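> I am attaching a structure below and will ask some questions about it afterwards.
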Amino acid sequence: MDNTKKHDISIFAEFVDKDLEIEFLNYDMKRYEKFIGPLVLIFGIIYMIFFVSDYFAIKNLSSLIIILFIRVLFLVISILIFLKLKEFNNSNNLVYIITAYELLAIIGFLVIINHYDSLSYLLSISVIIITLAIYITPNKLIFSQITSILLILSFFIFHLKRIQSIETFMFLKLLSYNLITIIYCNIGAYLTNFYKRKQFADSKELLRVSITDPLTDIYNRTKFNEELDQWVNHYKNDECTLSLVMFDIDDFKRINDGYGHLIGDNVIQNIVDTIKKIIRNTDIFARWGGDEFVILLPHTDKHQAMEMMERMRLCIQNSKHYKGENITCSFGLVTLRKNDNAESLLQRVDRLLFDAKDCGKNAIVYEKDRMIEQIRI
């Protein structure tokens, strides 16, 4: 899927690409991580405090006990979510928990008002307040829509007729207030979710452009240097194998001078595509500059790297290029030593690449027990 379609946003204010949507949810929920727990706890406490009004409004002891049980249970669940929130690393799980929590609050509210002997107009205002709370809480738009619609439908179907001496006009008026609230909340939530995702997509694209080479769409030199530093430090601590390859295109200036820079760019792109088919997902491939490239091979010793280099050399040599032009590449290969750093590793591999050029090109030059050896056809 190309970047344009991948960044498309659906009518529910979600990325069409599911992987990108999951990535965004992980990012977005991480931002609200410190906010969700206290919000849930405050909501649970407020939910419990309303028992005071229940106590003065309800005379039936059994109804009062049921209501107290519902409010205490909701408070306990709120406390548990507050304490365990950090354990929910998966954003999808957190979204489902928030939605279930909202549904539980709605069910509890509907059960509680069912125990009231009579209802007041103020309860319809409570429905509006709960609806606003649903849309304030971080969640997927579609889940907020489902829970808020269920709340209003349940209230107006099963409870509003119980309000004392309600007239048809007042019924319609209260219903319209709730519908306007849902419409307003949906417009606001959609725009918020849409622009948050658009900003996220723009940020990702900006990051991608800043770390990739525009011609080949592989890493640029700056990004490769960052990766090299990280991997060298990691592998020195863990004493694992790490190999570094540097190669360039033999006689590339002749191609540019003879056929033009557009053809030269096309040759570079073809060679990069060839290399991409050979390297692994864990390998780090970058354009070092001009017609020169580097490949970092984690968990790869010299012999494994040699086999990979030879496949690359042969594939490039046997590929069809512009007007049947014979294209070859020369390679330098080093493996990480105990006292190496990123700079020393690059200096050694650059020297070996120069040796590969000097000894006739279309060659792989590597180190063996501090002595240089080469493979050349």
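Rule-based calculations on the coordinates, nothing more; no lab input. Computed from a predicted structure; not experimentally measured. Note: ideal-geometry Cβ built from the backbone for every residue, glycine included; neighbour counts use all protein chains shown.
> Tell me which residues come under 5 Å, amide H to amide H, from W288 once H is placed; ignore anything under 5 positions away on its chain.
Distant-sequence amide H within range of W288: F293, V294.
> Related question: Normalised by the empirical 2.2 N^0.38 Å for globular proteins, what value does the Cα Rg of segment 1-122 take?
Against the compact-globule rule of thumb, the ratio is 1.41.
> Report, in deg cm²/dmol and to the nearest 500, the calculated mean residue ellipticity at 222 nm for the chain, where each DSSP H run with n ≥ 4 adds -39500 (n - 2.57) and the sum is divided by the residue count.
-22000 deg cm²/dmol
> On to the next question. Along its principal axes, what span do the Cα atoms of segment 221-376 show, with the longest given first and each in whole Å?
49, 30, 23
> Here's something else I'd like to know. Please report the Cα spread of segment 3-208 along all three principal axes, rounded to whole Å, starting with the longest.
Sorted from largest, the Cα extents of segment 3-208 read 65, 42, 19 Å.
> Something else about it: Give the residue list of trypsin sites (Lys or Arg not before Pro) in segment 244-339 that are DSSP loop and have at most 14 other beta-carbon atoms within 10 angstrom.
Counting only loop positions with at most 14 other Cβ atoms within 10 Å, the trypsin sites (Lys or Arg not before Pro) in segment 244-339 are R280, K320, R337, K338.
> Considering only T222, I46, G290, whose Cα is most displaced toward the positive end of the charge dipole of the chain, charges sitting on Cβ of Lys, Arg (+1) and Asp, Glu (-1)?
I46
> With +1 assigned to the C-beta of every Lys and Arg and -1 to the C-beta of every Asp and Glu, and no other charges, what is the dipole magnitude of segment 3-208 about the Cα centre in debye, to the nearest 20?
That gives segment 3-208 a dipole magnitude of about 140 debye.
> List the residue ranges in the chain for DSSP H helices whose C-alpha atoms run 30 angstrom or more along the long axis and whose Kyte-Doolittle average is -0.5 or above.
Span-like helices, by this rule, are 61-84, 91-114, 168-211.
> Once fully extended, how much extra length lies between E167 and Y55, figured as 0.36 nm per residue of separation less the alpha-carbon to alpha-carbon distance?
Extending this stretch completely gives an extra 37.5 nm.
> Moving on. So for the pair E325, N339, with labels modelled 7 Å out along Cα→Cβ, what separation do we get in nm?
4.4 nm
> Once you have all Cα-Cα distances for the chain, histogram them in 10 Å bins from zero and send the whole-percent values.
The percentages, shortest bin first, are 4, 18, 19, 14, 12, 10, 10, 8, 4, 1, 0.
> Check which residues have an amide H placed less than 5 Å from C329's amide H, if you skip close sequence neighbours.
Result for C329 returns D250, N362.
> Could you sort out which of K204/K302; K196/K223; K18/K223; K253/K277; K18/K84; K18/K196 sit more than 24 Å apart by Cα distance in this structure?
Distance filter (> 24 Å) returns K204/K302; K196/K223; K18/K223; K253/K277; K18/K84.
> Here's another thing I want to ask about it. Name the residues whose placed amide hydrogens come within less than 5 Å of the amide hydrogen of V16, ignoring near sequence neighbours (fewer than 5 apart) on the same chain.
D8, I9, S10
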